[in-house]
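Novice: Please read through the structure below; I'll follow up with questions.
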Amino acid sequence: SPQHAIATTFTHTKPHDFTSTEFHRAAGPLTTVPMPDSVDGRKCSSLVWVETPNEATRLSALDDAQFCRELDRRLMGLLGSLISVNRRATFPLVSMHAERLANKRVMLVGEAAHHVAQHREVFAEVEIHRRPIRKCAGYGAGGTAVRSLTHFRPIRRSRARAATSTAN
């Protein structure tokens with residue numbers, strides 16, 4: 001089902017300890033990312049909150065105090081009390097794929113190939129392609145390296161499509 005993301009920054013009472021937190025929810029992830037303290041010393045974090053389009057529209061229409069209450073309820077006290085929220089942007093999430101996933105001595109993995117990958121998927125992809133990458137590294141810029149990576153284009157494309165279809 002389609003998803004929309006709400007992005008903003010907000011201030012809070014508890015320190016974030018430079019830790020990003022992601023809540024995995026049925027509608028989509030709710031992620032806080034630590035930011036430097038504000039000029040007046042308030043603790044700051046950024047937010048990417050993925051919801052259904054209708055819920056994202058409803059949340060975006062709330063005034064700042066109401067939005068802080070909704071966010072505070074979902075964060076379950078993680079960052080203490082929420083003090084303020086900045087202007088919010090809402091946008092639809094879409095999936096994209098690179099036209100070419102391998103060419104000459106370059107192979108795209110993870111978000112470079114399909115922008116919805118998770119970090120663990122990137123590491124898994126690199127591990128899967130470790131042998132051909134090592135093989136290519138030993139060949140210089142010659143045709144063998146090109147042929148070796150070209151062989152993996154169909155494999156990469158099917159993995160990228162599978163990753164994006166499950167995320168959507």
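Novice: Can you name every residue in region 25-37 that is open to solvent by 10 Å² or more (accessible area, probe 1.4 Å), of a type outside the set (V, I, T) and not in a loop (DSSP other than H, G, I, E, B)? Break it down into steps so the answer makes sense when it comes.
Specialist: Within region 25-37, the subset open to solvent by 10 Å² or more (accessible area, probe 1.4 Å) is 25-27, 29, 31, 33-37.
Next cut, of a type outside the set (V, I, T) only: 25-27, 29, 34-37.
Of everything in region 25-37, those that are open to solvent by 10 Å² or more (accessible area, probe 1.4 Å), of a type outside the set (V, I, T) and not in a loop (DSSP other than H, G, I, E, B) turn out to be P34, M35.
Novice: Name every residue in region 1-24 that is in contact (Cβ under 8 Å) with a residue 12 or more places away in the chain and open to solvent by 60 Å² or more (accessible area, probe 1.4 Å), in order of residue number.
Specialist: Answer for region 1-24, where residues must be in contact (Cβ under 8 Å) with a residue 12 or more places away in the chain and open to solvent by 60 Å² or more (accessible area, probe 1.4 Å): S1, P2, T13, K14, P15, D17, F18, T19, S20.
Novice: With the structure loaded, tell me whether L79 is open to solvent by less than 60 Å² (accessible area, probe 1.4 Å), under 20 Å from T19 (Cα atoms) and over 20 Å from the mean Cα position of the chain (by Cα) or whether it fails that test.
Specialist: It is true that L79 is open to solvent by less than 60 Å² (accessible area, probe 1.4 Å), under 20 Å from T19 (Cα atoms) and over 20 Å from the mean Cα position of the chain (by Cα).
Novice: Follow-up question, since we're still on this one. Kindly indicate which of D64, D40 is surrounded by 14 or more Cβ atoms within 10 Å (Cβ to Cβ) and of a type in the set (D, E, K, R).
Specialist: Working: D40 fails: surrounded by 14 or more Cβ atoms within 10 Å (Cβ to Cβ).
One residue alone meets the criteria, D64.
Novice: If only one of R42, R69, R58 is over 21 Å from the mean Cα position of the chain (by Cα) and at pLDDT below 95, which one is it? It would help to see each step written out before you state the result.
Specialist: Details: R69 fails: at pLDDT below 95; R58 fails: at pLDDT below 95.
Just one listed residue meets the conditions, R42.
Novice: Taking the condition at pLDDT below 80 and more than 17 Å from the chain's Cα centre (by Cα), does E99 pass? Give the steps one after another, and end with the answer.
Specialist: Values: at pLDDT below 80: yes; more than 17 Å from the chain's Cα centre (by Cα): yes.
Yes, satisfied.
The values are calculated or read from the model by the stated rules, or taken from the named source; none is laboratory data. In this text the structure is predicted, and so the values were computed from the model without any measurement. Neighbour counts run over all protein chains shown; Cβ positions are idealised from the backbone, glycine included. Just so you know, the surface numbers come from the protein's heavy atoms only, side chains and all, with ligands and any DNA or RNA stripped out. Shrake-Rupley method; radii C 1.70, N 1.55, O 1.52, S 1.80 Å.
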